[in-house]
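Enquirer: Please find one structure pasted underneath; my questions will follow.
The values are calculated or read from the model by the stated rules, or taken from the named source; none is laboratory data. Quantities reported herein were computed from a predicted structural model and do not represent experimental measurements. Cβ placement follows ideal geometry from the backbone for every residue including glycine, while neighbour counts extend to all protein chains displayed. Ligands, DNA and RNA are excluded from the accessible area calculation, which covers all protein heavy atoms including side chains. Shrake-Rupley method; radii C 1.70, N 1.55, O 1.52, S 1.80 Å.
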Amino acid sequence: MELTRRDAIAALAAAGVAGGGAVLVASDRDRGSESNDDEGATNDAHEDIVETATALAPVLYPSEVDDAAEFVRTYVTGRIENDDDHRTGMADAVAALDAHASEEFESNFRELSPEQGDRLLTDVGLDRVRPDPAGSDLERIRFYLVNELLYALFSSPTGGELVGTENPPGHPGGLESYQGAQR
Amino acid sequence: MSATDQESETNGSANREPSDRADVCVVGAGPAGGIVAHSLAERGHDVVVLEAGPRFSFEERIRRMERHQRPAFDQADVWEMGGERDAFSSSGDLNYPLNDVRVKGVGGTTLHWIGYTPRFHEKDFEMDSRYGLADDWPIAYEDVRPYYAAAEREMGVAGGEDNPFAPPREESFPMDAFPASHSDATLSTACEELGIETHSIPQARNSEAYDDRSQCVGYGTCHPVCPSGAKYSGDVHVRKAEEAGARVLDRVPVQRLEHDDAGERVEAAVYATPDGTEHRQEARQFVLAGGAVETPRLLLLSESEQHPDGLANSSGAVGRYFMDHLLHMTMGVVSEETRQHQVGFSTAATHQFYDHEESTPGSFFVAFLNYAGPSPVELALENGAWGDDVVDAVSREYGTHVGTEALVEQLPDAESRITLDTSRTDDHGNPVPDVAWSIGDHGVRTGERALEVQREIMDEAGARITWSTSPRQPLSGSHPMGTTRMGADPETSVVDERLRTHDLDNLSIASSSVFTTGGAMNPTLTIAALSLKAADHVDEDL
C-alpha cells in the first residue's frame, strides 16, 4: 500500500491545516532556498522534526505501508509550517526522544534502523504511556510524535482502509458512503 | 495565547461597555438567546446580548474535531469547558456531568449537540389530563404548532413524512430526510419481524445546501463538532441578530439582576468583563436564555429585600422540578460488517412506543446508532500499540458493532432541583450551582420497558449484546429542563403562558427551563419554538 501526497493532504485537513497544497509548494521552495542565520536555525529544527518523523514511520506504520516518507514529510511540514506552538512541541519531543536514543544507542533517533527504533520505543514503555502535550518526556513523545503520526495515518482514507473504513471520522466523505454495504 | 483568546480579542466586540439605550437585554447567546435577539432586532428593537463564554472562530472547528479524536483530551476540553468559571456540585441520587452536557459561548450547547429536532407530541402538554401525572402545560400543542413550523424553517430541518406516530403538521420539512444507513437495515429488518415500525429522524442538519450553509459532507464527528457548519448551531442566529443591528458582548457573565424599588420590574443586568470590572446594562425588557441550570442560578443569585428567596421565586419553584431525559443504551455485535462511524448522526428510529395508553411506563423512543462501538481513529490512538499490532487491535474491535439508544421520560419532582452551593464559589465569587438529579419510579419503570424493547430488537437481529445501561443508572440525555416551569398559577410556577415571570413585569425566559413536563423528545426544537413565541410577546410589550 502506497501513501501519497494526496493522503497527506487529507490527513492535514483532518488536523485543521487548510490549503494543504499551498503549504506544500511553500515547503518545497523553502527547502531549496538559501536563508539567513535565524531562518537557518528554524529550518534546521524543521528538518530535525521531519527527519525524525520520517524515521519513526517505518516503526509506527504497519508493514503493509510500503513507503511513507513522502507522506510523512508532507504531513509534518504542513502541520508545523504555520503553527509555532505545535512546532515547538514537536521539536521538544524530538529532543526528548533523541535523549533516550543517545542513552541506549549513542545516536539520534533518525539515525537508528527501524528495528532499533522499535526496540527503543518498546524499551522505554511507550505502549503504556498516555499522551499528554504538557506531560513528562515520554507523554510528550507519545502525543507529539507517536500519536501525531498515527492520527495522520488513520484519519486518511488510505490509512482507514487498513482497518476497514475508507471514511474514517475526521475525513469529510461519509455522506457518500454511509448507505452502502461495500467499501 | 489560546485560540479563544485570540478570537475574543479580534472579534470586534472588545468594547464591553453597556449600551446607553436598549429595548431588550438578552442573557445568553445560545440558540434561544440568538433566536430571540434576531427576532426582536429584525423588528427594529435595540437589542443587547450578554454571553458568559467566548466567541469561537469557525475556522478553529477542525482543530476542535482533532481534539475530540485524540485521547489526550477530555470531552469538556473540546469547547474549553471547566475550571473555576464552570465549577458546580452534583449531590443527587445520580451524578450529573454538567460540564459534559453544556457549552458556554456564542452558539451555546448547540455547538456540540447531535442535532435532532422532533416536535413534542400532544400528550406531552397534557400529562395530568391524560394520565393524572404531573401537570398540564398552560398551552397545548396547537398553540405551539405554528412556532414549530417557523422554528423548523429558521434552523433548517431535514425530515420525512414517513413517521406515522408524529404529531400533525401543516407543511413539509424544509429539506428531505437523510436516507437510512447500511447498518440501519440490520435493525430495521429485526423491527419488521417484531411488528415495530421504523422511520426517518428529523434533524437540523443540511441534507442539501440551506440558508447559506453547506450540505453535510460526513466528517462523522457531529457530536461534539461539525466542521462544515451543515449542522445548525445557535451562532447562526446570533450572527443574523448582529446583522439586524443587535449588539453581542462575549465573556461577560451576568452576576445578578437588579430591580426597581417596588420589586416589580428589572432595571439592569450587572455583568463582569474579563478584567473583573462590573457594568450595569439597563433595558426595558429582559429575556433570560442561559439554559435550565444557569437561569435559575441567576435568579437565586439575584435575591433582594423584596425577593428574599430569589428573583421571580414567590412560588418557590425556581430551581425545582429539574428533569433530564434518561438515556438508555444497548450495544452489541453482529456477524456482518455494519460500517459504523461513516457519519456521526442517526438515520432511523421508532416512535411507536411514545403515545402510551397506561400512565406508566411512559414515553420513550428508540433510535439506531450509526456510530456504535469505538471509532477506528480513537482506537488506533488509545490502544498503545504501533505497527502491525495497532492494525490487528483496531481490526478486532471495529467493524461489526450495532447499537440502540432510547430517550426516556421522567416526571417533574420538586426535590430534583438546582440550588446554590454556598460552600464553593466560581471565578467571580458566586456560589456554584448544585445539581441534585433524581429520576423517580416512573423514570425507572419506563427505562425498564425501553431496555426491554432494545433487547428484543437486538436479539431478533442476532446481535450479541456487549453492554447496556441499567434502569436505575441511566446516562444523562444532556437535556436539562424544568427549573423555571410554566404554569397558569403563580403559586406553583415561575412563568406564565407568555413566558413572562409571574412576579416581574418585564422579565421573560426562553429556555427548556420553562418546560412544565419534559416528554422524551429532544428538546431543542421546542426551545426554539418557545423562543419565537417569547419574542412575539416581548415585541407586544415594547
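Enquirer: Going through region B:67-89 one residue at a time, which ones are within 14 Å of chain A (Cβ to nearest Cβ), within 23 Å of B:S228 (Cα to Cα) and open to solvent by 10 Å² or more (accessible area, probe 1.4 Å)?
Expert: B:R67, B:H68, B:P71, B:F73, B:D74, B:D77
Condition check ((1) outside any loop (DSSP other than H, G, I, E, B); (2) at pLDDT below 95; (3) in contact with a Pro (Cβ under 6 Å, 6 or more places away or on another chain)) across all residues:
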| position | (1), (2), (3) |
| --- | --- |
| B:R55 | no, no, no |
| B:R63 | yes, yes, no |
| B:A72 | no, yes, yes |
| B:R85 | yes, no, no |
| B:V103 | no, no, no |
| B:T110 | yes, no, yes |
| B:K123 | yes, no, no |
| B:E142 | yes, no, no |
| B:R145 | yes, no, no |
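Enquirer: Output the residues belonging to region A:164-183 that are within 19 Å of B:E66 (Cα to Cα) and assigned to a loop (DSSP other than H, G, I, E, B).
Expert: So the first thing to find is which residues in region A:164-183 are within 19 Å of B:E66 (Cα to Cα), and the list is A:165-174.
Of everything in region A:164-183, those that are within 19 Å of B:E66 (Cα to Cα) and assigned to a loop (DSSP other than H, G, I, E, B) turn out to be A:T165, A:E166, A:N167, A:P168, A:P169, A:G170, A:H171, A:P172, A:G173.
Enquirer: Under 7 Å between Cβ atoms, at least 6 apart or on separate chains: pull out the pairs that start in region B:129-150 with a residue that is in contact (Cβ under 8 Å) with a residue 12 or more places away in the chain and end on any residue that is aliphatic (A, V, I, L, M) and in a loop (DSSP other than H, G, I, E, B).
Expert: The qualifying pairs are B:L133/B:L411; B:A134/B:L411; B:P138/B:A488.
Enquirer: Given the options B:S207, B:S214, name the one that is outside the structural domain of B:S304 (by TED's automatic domain parsing) and under 22 Å from the mean Cα position of the chain (by Cα).
Expert: On inspection, the qualifying residue turns out to be B:S207.
Enquirer: Quick check: anything in region B:457-468 surrounded by 24 or more Cβ atoms within 10 Å (Cβ to Cβ), of a type outside the set (G, A, S) and within 22 Å of B:D128 (Cβ to Cβ)?
Expert: Scanning region B:457-468, I find no residue that is surrounded by 24 or more Cβ atoms within 10 Å (Cβ to Cβ), of a type outside the set (G, A, S) and within 22 Å of B:D128 (Cβ to Cβ), so the answer is no.
Enquirer: Exactly one of these conditions fails for B:Y148: (1) among the hydroxyl-bearing types (S, T, Y); (2) open to solvent by less than 30 Å² (accessible area, probe 1.4 Å); (3) more than 30 Å from B:G28 (Cα to Cα). Give me its number.
Expert: Answer for B:Y148: the failing condition is (3).
Enquirer: Restricted to region B:187-224, and to residues that are touching a Leu at 6+ places or on another chain (Cβ under 8 Å) and over 14 Å from B:A177 (Cβ atoms), which residue is farthest from the other protein chains (Cβ to nearest Cβ)?
Expert: Taking the candidates together, the pick is B:P224.
Enquirer: Still on this structure, please answer the following. Just a yes or no: is a residue in region B:235-249 part of a loop (DSSP other than H, G, I, E, B), open to solvent by less than 10 Å² (accessible area, probe 1.4 Å) and touching a Ser or Thr at 6+ places or on another chain (Cβ under 9 Å)?
Expert: No, that holds for no residue.
Enquirer: A follow-up question, please. With respect to the numbered conditions (1) open to solvent by less than 50 Å² (accessible area, probe 1.4 Å); (2) within 15 Å of B:T350 (Cα to Cα), which one is the sole condition not fulfilled by B:R213?
Expert: Just one mismatch for B:R213, condition (2).
Enquirer: To continue, here is another question. With the structure loaded, tell me whether B:Y271 is within 19 Å of B:V106 (Cβ to Cβ), among the hydroxyl-bearing types (S, T, Y), open to solvent by less than 20 Å² (accessible area, probe 1.4 Å) and in contact with a Ser or Thr (Cβ under 9 Å, 6 or more places away or on another chain) or whether it fails that test.
Expert: No, not satisfied.
Enquirer: Residues in region B:147-198 that are touching a Gly at 6+ places or on another chain (Cβ under 7 Å) and in a helix (DSSP H, G or I): how many?
Expert: Qualifying residue count, region B:147-198: 1.
Enquirer: Scanning for something over 30 Å from B:V402 (Cβ atoms), surrounded by 24 or more Cβ atoms within 10 Å (Cβ to Cβ) and small (G, A, S), does region B:481-493 turn up at least one residue?
Expert: yes
Enquirer: Still on this structure: Are any residues in region B:151-168 touching a helix residue (DSSP H, G or I) at 6+ places or on another chain (Cβ under 7 Å) and open to solvent by 50 Å² or more (accessible area, probe 1.4 Å), and if so, which ones?
Expert: B:E154
Enquirer: Tell me which of these A:E111 doesn't satisfy, since it passes every other one: (1) within 14 Å of another protein chain (Cβ to nearest Cβ); (2) open to solvent by 20 Å² or more (accessible area, probe 1.4 Å).
Expert: Only one criterion is unmet by A:E111, namely (1).
Enquirer: Looking only at strands (runs of 3 or more DSSP E) that lie completely in region B:423-542, which have at least 3 residues being closer than 29 Å to B:L187 by Cα?
Expert: Answer list for region B:423-542: B:464-468.
Enquirer: B:D77 fails exactly one of the following numbered conditions: (1) assigned to a loop (DSSP other than H, G, I, E, B); (2) at pLDDT below 95. What is the number of that condition?
Expert: Just one mismatch for B:D77, condition (1).
Enquirer: Taking the condition in a loop (DSSP other than H, G, I, E, B) and within 7 Å of another protein chain (Cβ to nearest Cβ), does A:G160 pass?
Expert: no
Enquirer: Output the number of the condition that A:T74 fails; it satisfies all remaining conditions of (1) among the polar types (S, T, N, Q); (2) part of a helix (DSSP H, G or I); (3) over 20 Å from A:P157 (Cα atoms); (4) away from every other protein chain (no Cβ under 14 Å).
Expert: (3)
Enquirer: Check A:L120, A:L149, A:L153 and return the single one that is over 17 Å from the mean Cα position of the chain (by Cα), crowded, with 18+ Cβ neighbours inside 10 Å and not basic (K, R).
Expert: Going through A:L120, A:L149, A:L153 in turn, the sole match is A:L120.
Here is a yes/no grid of residues against (1) surrounded by fewer than 24 Cβ atoms within 10 Å (Cβ to Cβ); (2) under 20 Å from B:R500 (Cβ atoms); (3) away from every other protein chain (no Cβ under 14 Å); (4) touching a residue at least 40 places away in the same chain (Cβ under 8 Å):
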position	(1), (2), (3), (4)
B:R16	yes, no, yes, yes
B:A22	yes, yes, yes, yes
B:C25	no, yes, yes, yes
B:A29	no, no, yes, yes
B:I35	no, yes, yes, yes
B:E51	no, no, yes, yes
B:F58	yes, no, no, yes
B:M65	no, no, no, yes
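Enquirer: Kindly indicate whether B:T419 is open to solvent by less than 10 Å² (accessible area, probe 1.4 Å), at pLDDT 95 or above and not in a loop (DSSP other than H, G, I, E, B).
Expert: No, not satisfied.
Enquirer: Touching a residue at least 12 places away in the same chain (Cβ under 8 Å), more than 8 Å from chain B (Cβ to nearest Cβ), in contact with a Phe, Trp or Tyr (Cβ under 6 Å, 6 or more places away or on another chain) and not hydrophobic (A, V, I, L, M, F, W, C): which single residue out of A:D123, A:D137, A:D98 fits that description?
Expert: From the options A:D123, A:D137, A:D98, the qualifying one is A:D98.
Enquirer: Identify all residues within region A:164-175 that are at the interface with chain B (Cβ under 7 Å from one of its Cβ atoms) and surrounded by fewer than 24 Cβ atoms within 10 Å (Cβ to Cβ); write none if there are none.
Expert: The answer is A:G164, A:P172, A:G173, A:L175.
Enquirer: Name every residue in region B:349-397 that is in a loop (DSSP other than H, G, I, E, B), of a type in the set (S, T, Y) and away from chain A (no Cβ under 14 Å), in order of residue number.
Expert: B:Y354, B:S359, B:T360, B:S363, listed by residue number.
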